[in-house]
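Visitor: Quick one: the structure is below, and I'll ask about it shortly.
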Amino acid sequence: MLRKILFTIFFIALVAIAVYLVGIVNNWFGQSQTAGVIESGPVPSAMIARRLEVQPRNDSKQILFGDLHVHTTFSSDAFRMSLPMVQGDGVHPPADACDFARVCAALDFWALTDHAESLTQKKWNESIENVQQCNAVAGQGDQNGENPDLVTFMGFEWTQSGGSAETHYGHKNVIFRGIDPDQLPTRPIGSPFREAFGSTPLRLRLLPPLRDFERRQRYYNFNQLIQDIGGQALCPDDVHVRDLPLDCAETAQTPDVLFRKLDEWGLDSIVIPHGNAWGVYSPPGTSWDKQLSGDMHDPQRQTMVEVYSGHGNSEVHREWRAVEKDDDGSLICPLPRPDYLPSCWRAGEIIRGRCQQAGLETTECDQRAAQAREKYLQYGLLGWHTVPGATLEDWLDAGQCRDCFLPSFNYRPGGSAQYALAIGNFEDEGDPKRFRFGLIASSDNHTARPGTGYKQYERRPMVDWWGYDDADSRQLYSTDRGAPEAFSVDVDRSKLDLFNILELERQASYFLTGGLVAAHSQGRDREALWSAMERKEVYGTSGPRILLWFDLVDAQDPDQRLPMGSETARQENPRFRVHALGSFRQKPGCPDYSTKALSPDRLERLCRGECYNPGDERMAIDRIEVIRIRPQTFEGEAVAPLIEDPWKTFNCESDQAGGCIVEFDDPEYSDARRDTVYYVRALQEAEPIINAGGLRCETGVEGECLEVNACYQDDRTSPDDDCLTADQHRAWSSPIFVDFEPSPELMTGDSAP
Amino acid sequence: MTQLPEESRRRQSLLLAIAALLGLAMAITGLVKPGGASSVIPADVVANIDGRQISLGRYEALLEDMASDSREPLTAADREFALDRLIDEELLVLHGIELGLDQSEPGVRKAIAAALIASIANQAETVEIKEPVLRGFFESNQEFFTRDQQRVIHWYGGKIAEYSDPVADDQFITGSYENKKEKLNESGLERVSILPDQPLNFAKTRDYLGNELAIEAFALQSEEWSEPIRSNGQIHVLFVASVLPGITPAFNDIRALVEAEYRRRQGEDALRSYLDALRAGRDIQVQEGLVESL
């Protein structure tokens, strides 16, 4: 009898445990995160006065600093980064971003741009409410709303990623002008990549809450978020956006569909592409070219490109590529160069080395190396999985731009801003299409911290971070890469998921603090800012508040100027003026008003004790560099010679109280008779920058990488090590587009050139 | 099947019972007990609280942080404040442990204190506030809600080496704006054009002028000139062309903000009362001599 009772109890216990495990898998215990509560309010020293009367405006504009690319833990990848198992510091909802922008970074404007694929109807509505609250606190609830202390825009990120160069268009942020319900779409528009945002492997749903039992609720909540995302039904295709069901998930496969849907909504919006040179998710061979074809580009909406973010710099073009093609379209692994080591080549060399170590014949090893290169290329983004057991150190600095400033990881030159400005599309021979992007920067921060680049500190919370907290977790949660065999292997896709598909371990050395967008605005209000962005009178910085003016000046009347972002047509040689001032050196800690605006605990949690806190001495501007680009005039024209970087360089005086001012003209313009694009970079004196050294190669006599010293995301690099290397922060102006307009004599051939 | 001896069967049954009960307990715990935070607390010297010690190293580290933020040497009051903060933190941690909020991870003292602070603040968040109370709070704190002033500022600057002071000149003091501008130009100071000729708040003025000059500018009234300001090898003279005074918005326009501020202060008051109660219930011993010697 007793035995029967005991067996019954034991059986019940087993059933209870089983029920509990089923509950974890099916997210019975998860809770949805809220948008949070905005705690910061205006404080006496930082609030904006409302005008008593209309003041006459003049042409003078003020430079406002912002961040148009911000994620909170409403994005599932950001939530994943917040989990204890990857050393995250907890959820950061939209309210945190509002307080950080206002108090820690002291921005003038920012945009909430969580991944559309993560945003359920409920989360989209909560985001809008929070953005409205953030604006209301700033003072846009009063009369004209002309002088808010912070303007918040609503938006989302369309997170498109293709498996091949032919299907990859890359990510784009969509920002809306207004924040009222009738000025915003009912739901965001995602990409088919939604599936990746709405799924987690079973072992990663089950194991973390069991291993980290005390903090299991955070994992339950993450699983709940994933379930909510995955539970949405997709909207039907080919139905007008305003006729779609309220609670479906809307997607656009390609940019033309995205633009069409935005047209159907009929709302004022700006679309900002970014990360096109970022090879962590852009396949080898990616380029801008196909995005000039047909309706893939909307010049009215796509007015700016994010040239720099916390995920790296995508400015410059290089001649090398990660993959080349021969005449019949077959993929070829390029040869190594002094400035670039192709990853496919390195794959071959890793295999060759192992083969030789195993004592095999040279010819056999040559053959295996060739196969390894071929197999690497065959798998595109997954190529690194074809070399079994390869460590981060094995790869050296393969795939990286060696002579670029803070480059994006696995750099794709065909996705660079310079390449975009240089190419043309000649489908319509009479009217070639070109990109006329303004250049901006932002953070792409995933911890709800807009504008993190004001100081270089606290690498973990201030830079996108993602690393398991110990070796056991790495072993348990990462894909087993197998033993280091002396031959390459096919990729078993069944073992891959979003946690292990990307080269995040190497990527960690290329995460940075954020950049800023600066707008020459006629006022602080939303309309003035929007107008500045539409005019492209904007520029980007790598984080500090560098002041920059770049104008085309009239040689006869210096007061007549066309500012950066302008488009003009002329025959005569253009003349330009650049004026740059370095950012103020930062004082430690936070200014007094910060401590009044937020409680000490919240100030510590969000700002980590450091805020934007300018002193009285400016950093020196070291030099101004001018880049000249002459866009293609026929299909197939070689792009590299069209980009002159730098075309001119001006060293600035050390004593520059009024900043660095240079003037120059282009004496070749008129003779060249080509449309030309000009933009400038202002480089500040050097200072330590997080991850400016990338993989921190020890180099040989020819500049080749002999050994790397990576900045790991986990316990292999001390949390106190901010991986600082000296480099020069900079600002990039928007271009001035000068179209050659021949005189009537030139057009008829009556005048000699 | 061979029957086991009676004693063995009893032992087996006992072990089975223990295992079943353990499993049942684990299952019930996982189902009903919410996940929560946990922490581990280290301790050391300088002060002793119910047997727990605040280390000298921690105290000195906090003093160092405070010193780096301050231009003046730390006073006795500063040191006292720092120690109070550490004692408050220790009390919260102790109480947190007694409540069962312990963890095994390093650096969780802040998490425990933050968790308790947040829970106290949350209580203030959930209390219903009557409208007359909120209005009364707004009326008695109007200064806090008054929007900041803006100024239109003219900024003249130049190098010290080339400067001859015109500001003390009688003609400068009594002259018109254009006269003064001419005098400044003659003295080597030019109008700095990067500063926009439009009303700017303090934060934006600081982005152009820097902290020191922005403070000087906002101390001036409408149509007032500053004295020459020397900074980083430069001379600056500021003129405030106009001042847009601060405006107190109507209560209804900023009701949400007023409520948020009220709740925040209620939370802080609640926290203070909570800490005072914790202090009253603990035996706190301080090594005064050691504190004074630092």
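The values are calculated or read from the model by the stated rules, or taken from the named source; none is laboratory data. Just so you know, these numbers come straight off a predicted model, no measurement behind them. When we count neighbours, we look across all protein chains shown, and the Cβ atoms used for this are built from the backbone with ideal geometry, even at glycine. With ligands, DNA and RNA removed, areas are computed over all heavy atoms of the protein, side chains included. Shrake-Rupley method; radii C 1.70, N 1.55, O 1.52, S 1.80 Å.
Visitor: Rounded to the nearest 100 Å², what's the accessible area chains A and B bury against each other, both chains counted, probe 1.4 Å? List each step's numbers first, then the result.
Guide: Details: alone 30740 and 18500 Å², together 43720 Å².
In total, chains A and B hide about 5500 Å² from solvent.
Visitor: Scattering from the C-alpha atoms of the protein assembly as shown alone, worked out with Debye: what is log10 I(q)/I(0) at q = 0.04, 0.07 1/Å?
Guide: -0.23, -0.70
Visitor: If you average the sequence gap of Cα pairs under 8 Å that are 6 or more apart and divide by the length of the range A:447-526, what percent do you get for the contact order? Each step should come with its number before you reach the end.
Guide: Working: 35 pairs, mean separation 41.9, N = 80.
Worked out over the range A:447-526, it gives 52 percent.
Visitor: Compute the relative contact order of the range B:198-248 as a whole-number percentage, counting only Cα pairs closer than 8 Å that sit 6 or more residues apart in sequence.
Guide: Values: 48 pairs, mean separation 15.2, N = 51.
It comes to 30 percent, rounded to a whole number.
Visitor: Could you list the GluC sites (Glu not before Pro) in the range B:162-261 that lie in coil according to DSSP, counting only those with at most 16 other Cβ atoms within 10 Å of their Cβ? Could the numbers behind the result be given before it?
Guide: Working: sites: B:E162, B:E178, B:E182, B:E186, B:E190, B:E212, B:E216, B:E223, B:E224, B:E259, B:E261; in loops: B:E223.
Answer by residue number: B:E223.
Visitor: How long is the range B:211-294 along each principal axis, judged by its Cα atoms, biggest number first, in Å?
Guide: 60, 50, 16
Visitor: Can you order the peptides A:71-83, A:613-625 by their average number of other Cβ atoms within 10 Å per residue, highest first?
Guide: Numbers: A:71-83: 25.2, A:613-625: 20.3.
In decreasing order of mean packing, A:71-83, A:613-625 become A:71-83, A:613-625.
Visitor: In Å, what Rg and Dmax follow from the Cα atoms of the range A:644-731?
Guide: Here Rg and the maximum Cα pair distance are 19.7, 60 Å.
Visitor: A follow-up question, please. In sequence order, what are the phi-derived ³J(HN,Hα) couplings for the range A:266-275 according to the Karplus relation 6.51 cos²θ - 1.76 cosθ + 1.60 with θ = phi - 60°, rounded to whole Hz, with x for glycine and proline?
Guide: So the Karplus estimates, Gly and Pro as x, are x, 9, 6, 8, 10, 10, 10, x, 7, x Hz.
Visitor: Using a 1.4 Å probe on protein heavy atoms, which residues of the range A:592-614 have at least 50 Å² less accessible area in the complex than alone?
Guide: In the range A:592-614, residues shielded by partner chains: A:D601.
Visitor: Continuing with the same structure: Quick one: which of A:689-695, A:166-172 comes out on top by average Cβ neighbours within 10 Å, and what's the full order, highest first?
Guide: Numbers: A:689-695: 23.0, A:166-172: 20.4.
Top of the packing list down: A:689-695, A:166-172.
Visitor: Roughly to the nearest percent, how much of the accessible area of the protein assembly as shown is carbon and sulfur, given a 1.4 Å probe?
Guide: Of all accessible area on the protein assembly as shown, carbon and sulfur atoms account for 50 percent.
Visitor: Counting heavy atoms of the protein chains only and a 1.4 Å probe, report the per residue accessible area for the protein assembly as shown as a whole number of Å². Let's see the in-between values first.
Guide: On the way: 43720 Å² over 1047 residues.
Here the per-residue accessible area is 42 Å².
Visitor: While we're looking at this one, here's another question. How much of A:K4 can a 1.4 Å solvent probe reach, expressed as accessible area in Å² and rounded to 10?
Guide: Near enough 150 Å² of accessible area.
Visitor: If the range B:132-291 were replaced by its equivalent ellipsoid, with semi-axes equal to the square roots of 5 times the Cα gyration tensor eigenvalues, what would those be, largest first, whole Å?
Guide: One finds semi-axes of 46, 25, 12 Å for the range B:132-291.
Visitor: Which cross-chain or sequence-distant (5 or more) residues have an amide H under 5 Å from the amide H of B:G246, H modelled 1.01 Å from N in plane?
Guide: The answer is B:Q149.
Visitor: With a length cut of 30 Å (Cα positions projected on each helix's long axis) and a Kyte-Doolittle mean of at least -1.0, go through chain A and give me the DSSP H helices that pass.
Guide: On the way: long enough: A:2-25 (35 Å, 2.40).
Going by DSSP H runs, the hits are A:2-25.
Visitor: Also: Pairs of Cα atoms under 8 Å, at least six residues apart: use those to get the relative contact order of chain A, whole percent.
Guide: Normalised by residue count, the contact order of chain A is 15 percent.
Visitor: Here's something else I'd like to know. Give the span of the range A:241-287's Cα atoms along each principal axis, as three whole-Å numbers ordered largest to smallest.
Guide: Principal axes ranked by extent give 39, 23, 14 Å for the Cα atoms.
Visitor: Aspartates and glutamates within cross-link reach of A:K536: Cα-Cα under 13 Å, excluding same-chain residues under 8 positions apart?
Guide: A:E306, A:D551, A:E567
Visitor: Can you tell me the Rg and the Dmax, both Å, for the Cα atoms in the range A:306-458?
Guide: Just the Cα atoms of the range A:306-458 yield Rg and Dmax of 19.3, 63 Å.
Visitor: Follow-up question, since we're still on this one. In peptide B:11-21, what is the residue-averaged number of other protein chain Cβ atoms found within 10 Å of each Cβ?
Guide: On the way: counts 0, 2, 5, 2, 1, 6, 7, 1, 4, 10, 4.
The shielding value for this peptide is 4.
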